1. When you check LEU56 against the structure, is it part of a loop (DSSP other than H, G, I, E, B) and open to solvent by less than 50 Å² (accessible area, probe 1.4 Å), yes or no?
2. Name the one entry in LEU149, LEU120 that is within 13 Å of the chain's Cα centre (by Cα), aliphatic (A, V, I, L, M) and modelled with pLDDT of 95 or more.
3. Quickly run through segment 124-157 and pick out the residues that are open to solvent by less than 20 Å² (accessible area, probe 1.4 Å), without any contact (Cβ under 8 Å) to a residue 60 or more places away in the chain and not in a loop (DSSP other than H, G, I, E, B).
4. Suppose we keep only residues that are hydrophobic (A, V, I, L, M, F, W, C) and over 20 Å from TYR209 (Cβ atoms) within segment 102-123. Which one would you say is least open to solvent (accessible area, probe 1.4 Å)?
5. Please report, ordered by residue number, the helices (runs of 4 or more DSSP H) entirely within segment 163-244 with at least 1 residues that are modelled with pLDDT of 95 or more.
6. Exactly one of these conditions fails for LEU15: (1) within 18 Å of ALA125 (Cα to Cα); (2) open to solvent by 20 Å² or more (accessible area, probe 1.4 Å). Give me its number.
7. Any residue at all in segment 81-104 that's closer than 26 Å to SER41 by Cβ and part of a strand (DSSP E or B)?
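The values are calculated or read from the model by the stated rules, or taken from the named source; none is laboratory data. Only a predicted model underlies this, so the values are computations on that prediction, with no experimental measurement involved. Cβ sites come from the backbone with ideal geometry, for glycine too, and all protein chains shown count toward neighbours. Note: areas computed on protein heavy atoms with side chains; ligands, DNA, RNA excluded. Shrake-Rupley method; radii C 1.70, N 1.55, O 1.52, S 1.80 Å.
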Amino acid sequence: MAASSDNVGSVTGLLENCVSKHGFEVYPLKIGWYNSVLPVSLRLVYPDDCLAVVVLSTPDMFEQAFLPFMQERGYQKMCDPIDQCVKHYVSSAVSQCFPGQKVDVRYDYELLPSRKPKFLAQTAAHVSGAAFYYQQSDVTDHPWGQKMLGVCVHPRFGGWFAIRALLVFEGVTVGSELVQPVPPDCVPSREGRIKLLEAFNLHWQDRSYRDIIHPVQTYSQKQIDYFSTPPAQRLALLRTWGFLPRDDDQPDTQTQMNGHG
């Protein structure tokens, strides 16, 4: 099924109507944009003109989605509570907005049998124009003798956001009318990029990399407390907040990179 730019807008509009009130943002992209910057081993096996949408969580997600989710549904064992929450809202939106449409939903925490991620979240955010993915290769004559991991910066939230899911609309193709946006270069200077990558790689615990720009909103103190707590101790924290009254719940201590929020 072919999709015009108007139809693409309808897809993103429907999704936004469902998830924006819960603190999520959505951005469309073509699979070809994503695959073109990756080696063959990491590409998604879909046509280049296949429509996909990347889903981000904003600082509002914690209070508008996570805490209500925990209040209403509680914690189910064997899965991280944040992951459960994101899956609930995203899958509910897909079912509600696109009944009968085949949508391949890939979450940031999911791995393939090969242990590779089901999608590269920061790459998807960059090619969709949602956030700029700053990497070591973006620093001319970089000063490091070690590998520095890259990090995305959102034009409004800085580092106070997370990339949560990629939705691939199987069978929906998009033509040349959907033009690839350029992600906003929030940290254009070499010095700023050095500061960003060093803060993210060497001092991520102090959260200074998140404030590389002046964000319009940051995480609440409650949200900071949650993500600053080691994963194995987060259920105990939720109990103190009144969400998990039972003492027999045992946490699953496995966490993924995005568990830092």
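1. For LEU56, the condition - part of a loop (DSSP other than H, G, I, E, B) and open to solvent by less than 50 Å² (accessible area, probe 1.4 Å) - is not met.
2. Numbers: LEU149 fails: within 13 Å of the chain's Cα centre (by Cα).
Being within 13 Å of the chain's Cα centre (by Cα), aliphatic (A, V, I, L, M) and modelled with pLDDT of 95 or more holds for just one of LEU149, LEU120, which is LEU120.
3. If the condition is that a residue be open to solvent by less than 20 Å² (accessible area, probe 1.4 Å), without any contact (Cβ under 8 Å) to a residue 60 or more places away in the chain and not in a loop (DSSP other than H, G, I, E, B), then VAL151, CYS152 are the ones that fit.
4. Checking each candidate, the answer is PHE119.
5. Per the criteria, 190-202, 221-228.
6. Just one mismatch for LEU15, condition (2).
7. Yes, there is a match, as at least one residue in segment 81-104 is closer than 26 Å to SER41 by Cβ and part of a strand (DSSP E or B).
Matching residues to (1) at pLDDT 95 or above; (2) over 18 Å from ARG164 (Cβ atoms); (3) of a type in the set (A, V, I, L, M, F, W, C); (4) open to solvent by 80 Å² or more (accessible area, probe 1.4 Å):
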| residue | (1), (2), (3), (4) |
| --- | --- |
| GLN64 | yes, no, no, no |
| MET70 | no, no, yes, no |
| ARG73 | no, no, no, yes |
| MET78 | no, yes, yes, yes |
| PRO81 | no, no, no, no |
| GLN84 | no, no, no, no |
| TYR89 | yes, no, no, no |
| VAL94 | yes, no, yes, no |
| GLY100 | no, yes, no, yes |
